Amino acid sequence: MTSSALMRVLRSDVCPALTPREAEHIASATVPHQVRAGDNVCDEGELALGLIFITEGTAEVFKDRPGSESELVAVLHGPIMVGEIGLLTGDLRSATVRARTDCTCHVLTRSQFERLLEEMSPGAYKLVRAIAALLARRLAAMNDRIIALP
């Protein structure tokens with residue numbers, strides 16, 4: 001995916017509040033990465049090196065269960081971002097993301113993200129707001145699932 005295509009994804013699907021210049025600034029800080037179907041995009045328990053934009057492809061999210069096999073908890077269709085908790089906290093990855101199809105990814109490393117914040121990049125702050133909104137939606141969905149349990 002070209003930088004201009006990543007910029008369109010950033011502005012339309014991930015963080016619509018970004019201006020073209022802000023999207024370009026963030027896109028230029030990412031590292032492209034291709035993941036083949038069946039390979040892991042990231043592994044639960046590994047050090048989170050950054051935010052992953054899955055710009056094309058489909059991936060599955062698995063969560064380890066003590067004493068049993070990993071459980072499929074979500075199917076993701078690009079464009080979408082994953083790894084936002086690790087980006088913000090530096091914690092270990094909380095789940096494994098496996099490519100169901102070939103995936104085109106771009107990684108915004110934690111160090112690049114921190115550099116953008118230190119520069120007081122408006123795009124970085126808009127990205128933080130988009131991450132907060134995404135996490136809030138995921139928390140609300142989890143709350144709904146918990147309430148629905150018998």
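The values are calculated or read from the model by the stated rules, or taken from the named source; none is laboratory data. Keep in mind it's a predicted model, so treat the numbers as computed, not measured. We place every Cβ from the backbone using ideal geometry, glycine too, and count neighbours over all the protein chains shown. Each accessible area value is taken on the protein alone, full model and side chains, heavy atoms only, with ligands, DNA and RNA left out. Shrake-Rupley method; radii C 1.70, N 1.55, O 1.52, S 1.80 Å.
What residue, among those in region 24-49 that are touching a Gly at 6+ places or on another chain (Cβ under 7 Å) and surrounded by 20 or more Cβ atoms within 10 Å (Cβ to Cβ), is nearest to THR101 (Cα to Cα)? Full working, then the answer.
To start, the set of residues in region 24-49 that are touching a Gly at 6+ places or on another chain (Cβ under 7 Å) comprises 25-26, 42, 48.
Subset that is surrounded by 20 or more Cβ atoms within 10 Å (Cβ to Cβ): 26, 42, 48.
Working: ILE26: 25, CYS42: 15, ALA48: 22 Å.
Filtering first and then ranking leaves CYS42.
Residues checked against (1) assigned to a strand (DSSP E or B); (2) open to solvent by 20 Å² or more (accessible area, probe 1.4 Å); (3) in contact (Cβ under 8 Å) with a residue 60 or more places away in the chain:
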{"site": "LEU51", "(1), (2), (3)": "yes, no, yes"}
{"site": "ALA59", "(1), (2), (3)": "yes, no, no"}
{"site": "PHE62", "(1), (2), (3)": "yes, yes, no"}
{"site": "ARG65", "(1), (2), (3)": "no, yes, no"}
{"site": "ALA74", "(1), (2), (3)": "yes, yes, no"}
{"site": "LEU87", "(1), (2), (3)": "no, no, no"}
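Okay, residues lined up against (1) touching a Lys or Arg at 6+ places or on another chain (Cβ under 9 Å); (2) under 16 Å from GLY38 (Cα atoms):
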{"site": "ALA59", "(1), (2)": "yes, yes"}
{"site": "GLU71", "(1), (2)": "yes, yes"}
{"site": "MET81", "(1), (2)": "no, no"}
{"site": "GLY86", "(1), (2)": "yes, no"}
{"site": "ARG93", "(1), (2)": "no, no"}
{"site": "LEU135", "(1), (2)": "no, no"}
{"site": "ARG138", "(1), (2)": "no, no"}
Do we find that ARG98 is touching a strand residue (DSSP E or B) at 6+ places or on another chain (Cβ under 8 Å) and outside any strand (DSSP E or B) in this structure? no
